[in-house]
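What follows is a set of notes on a single structure, which appears directly below.
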Amino acid sequence: MSVPARCVHQAMADPFTWDAALLRRYDTHGPRYSSYPTIYSFSDDFGEQAYLAALARSNADGRPLSLYVHIPFCRRTCHYCACNKIVTRNAKVAEPYISRLDREMVLLRPHLDTRREVAQLHWGGGTPSFLSLDQMSDLIDRLDARFGLSNSRHRDYAIEIDPREADVFTLRHLQALGFNRLSLGVQDLDPHVQRAINRIQPRILTEALLDEADRLGFRSLNLDLIYGLPLQTRDSFAATLEQVIAMAPARISVFNYAHMPERFTAQRHIRAEDLPGPEEKLAILRTTVAMLTGAGYVHIGMDHFARSNDSLAIAQRKGTLQRNFQGYSSHAQCDLVGLGVSAISCIDDVYAQNHTRLADYEAALDASHLPTARGIRLTFDDRIRRHAIEQLMCDMELDLNEISETFGIDAPRYLAGALERLETLRRDGLVLIDGHRIVATPLGRLLIRHLAMAFDARLSLTPDDRFSRIV
């Protein structure tokens, strides 16, 4: 596929000095910091009673709620996928699952102050569009009956959509149910790449949904892309980006494909020799950053780009951006309640994860127990480091004076080890340290996980190969 001259010109217009050798040196394994501590620090000794105690403390604080609902089903296997999913074409499996979700809600409700606003709702998977329209209505009705969903125009109600599983009628139905934000999985528009990852998705499917969503007035649209997939090149991905930019979504996520076939069975269908090499993958990343920033998108951090008038970019400018298991969020200070198999909650000072095997999840609920399988209660040190890591990941900077005031500590002294580890990154031009202020440089924003790792006191306890590569 040929690439338009404008596209190539944009790809070469770097927003900062590109140092490929430095990026290769820092392309090691590291956490994505959807949480701190990461899930590898969660303990099997943390169970239902510890989660219930956290819910009680959470009620006393009265923060708004964020609900995450995990729908694990997919009709097809995408070879790159590392999600917790169940591949089946049997639509009947959704009914007992929705009943189990409702049972989980019933068990939760007595322990949760339902006067708290549900400011945020997110359905993920799998693919929630596996559900029929009637099943979607049923699930929304149950959520509303148990928790009381919000009608506020400021609510953030999002759902992940597979364009192969949805049409314009789906979007109209979702709008009627109260969803106001959509995330569409695209990954790549090149037909050769699509065949290599077992995800045939003509561009027209995505365009038709975007056009209808725009006409219906959905507040924010996100497209998911992945770089590093088999048969991708800098030119082929530039062509995909050119088409995506023309669709003008408010947000674009460009995830780094992590090839871990020893952990994820579906990835064994991908031939390692078909993956772009390190040089080509870096070139794809360079093209991506240059094209998206050249088209007016703000590099929020990690894999996320947004229009300057999108709520994510606004929240980052205001210093209210938050990061959780669904990515970046404009709704800070919500307590996250996860529902469904493998779902993770972040309540008060704990993380709690449900059983990851469907049979175990079902068995716990059938025995009238919450399906909490593991978790962790944060220590004082954990809370300090979580705060520092989240500020870096969201704001791309850190104010040590603010940490001192928030936690009643001498932050430069308390975090002296982290500051010492940052010194090498400072010499390499990834971070600026000005008094008590730490700021990621444009190149450092691409490697923000490395900056965060300097503050991680638990990192040495987890084998590197548990984490994906950073670039």
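Key figures for this structure:
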{"item": "Semi-axis lengths, Å, region 191-261, gyration tensor of Cα atoms, sqrt of 5 times eigenvalues", "result": "24, 13, 12"}
{"item": "Hydrodynamic radius (Kirkwood) for region 151-240, which is based on Cα pairs only, to one decimal in Å", "result": "14.0 Å"}
{"item": "By average C-beta atoms within 10 angstrom, highest first, the peptides 441-453, 90-102", "result": "441-453, 90-102"}
{"item": "Ratio Rg/Rh, restricted to region 52-110 and using Cα atoms, in which Rh is the Kirkwood radius", "result": "1.12"}
{"item": "Sites Ile86 and Ile314 - FRET efficiency at Förster radius 35 Å, r taken between beta-carbons, to 0.05", "result": "0.40"}
{"item": "FRET efficiency estimate (nearest 0.05) - Cβ-Cβ, Thr265 to Arg172, R0 45 angstrom", "result": "0.75"}
{"item": "Gyration tensor (Cα) of the chain, equivalent ellipsoid semi-axes in angstrom", "result": "32, 30, 21"}
{"item": "Per residue value of the accessible surface for the chain (all protein chains in place, 1.4 Å probe), Å²", "result": "41 Å²"}
{"item": "Cβ crowding within 10 Å averaged over residues, with 115-126, 369-380, 203-214 ranked highest first", "result": "115-126, 369-380, 203-214"}
{"item": "Cβ-Cβ FRET estimate between Ala367 and Asp144, R0 fixed at 35 Å, reported to 0.05", "result": "0.85"}
{"item": "Computed over the chain: relative contact order in percent, which uses C-alpha pairs under 8 Å that are six or more apart", "result": "22 percent"}
{"item": "Region 341-399, Cα convex hull volume normalised per residue, Å³", "result": "86 Å³"}
{"item": "Hydrodynamic radius (Kirkwood) for region 114-164, which is based on Cα pairs only, to one decimal in Å", "result": "11.9 Å"}
{"item": "Ordering of 295-301, 411-417 by packing [mean C-beta count within 10 Å, highest first]", "result": "295-301, 411-417"}
{"item": "Gain in span if fully extended, Arg377 to Arg115, counting 0.36 nm per residue against the direct Cα distance", "result": "91.8 nm"}
{"item": "HN-Hα J in Hz across region 381-393 - Karplus 6.51, -1.76, 1.60, θ = phi - 60°, x for Gly and Pro", "result": "4, 4, 5, 5, 6, 4, 4, 5, 5, 5, 4, 5, 5"}
{"item": "Region 83-187 - percent of accessible surface contributed by carbon and sulfur, probe 1.4 Å", "result": "47 percent"}
{"item": "Mean projected area (nm²) of the alpha-carbon convex hull when region 186-345 is viewed from all directions", "result": "10.8 nm²"}
{"item": "Mean separation of Cα contacts under 8 Å, 6 or more apart, over the residue count of region 321-423: relative contact order %", "result": "17 percent"}
{"item": "Relative pair counts by distance (%), Cα atoms of region 231-285, 10 Å bins", "result": "20, 43, 30, 7"}
{"item": "Shape metrics for region 80-184, restricted to C-alpha atoms - Rg then Dmax, Å", "result": "14.2, 41"}
{"item": "Mean Cα-pair separation over length for region 200-353, i.e. relative contact order, pairs under 8 Å, 6 or more apart, %", "result": "18 percent"}
{"item": "Viscosity 1.567 mPa s, temperature 4 °C, Stokes-Einstein D of region 230-324 from Kirkwood C-alpha radius, µm²/s", "result": "87 µm²/s"}
{"item": "Equivalent-ellipsoid semi-axes of region 340-471, from the Cα gyration tensor, Å, largest first", "result": "34, 18, 12"}
{"item": "P(r) histogram, all alpha-carbon pairs of region 17-144 included - 5 Å bins from 0, percent", "result": "2, 8, 13, 15, 16, 16, 12, 8, 4, 4, 2, 0"}
{"item": "Charged-residue dipole, Cβ positions (Lys, Arg, Asp, Glu), the chain about Cα centre, Debye nearest 20", "result": "340 debye"}
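The values are calculated or read from the model by the stated rules, or taken from the named source; none is laboratory data. The shown structure was predicted, so the numbers you read here are calculated from the model rather than taken from an experiment. Using ideal geometry, Cβ is built from the backbone for each residue, glycine included, and neighbour counts are taken over all protein chains shown. These area figures cover heavy atoms from the full protein model, side chains too; ligands, DNA and RNA do not enter into them. Shrake-Rupley method; radii C 1.70, N 1.55, O 1.52, S 1.80 Å.
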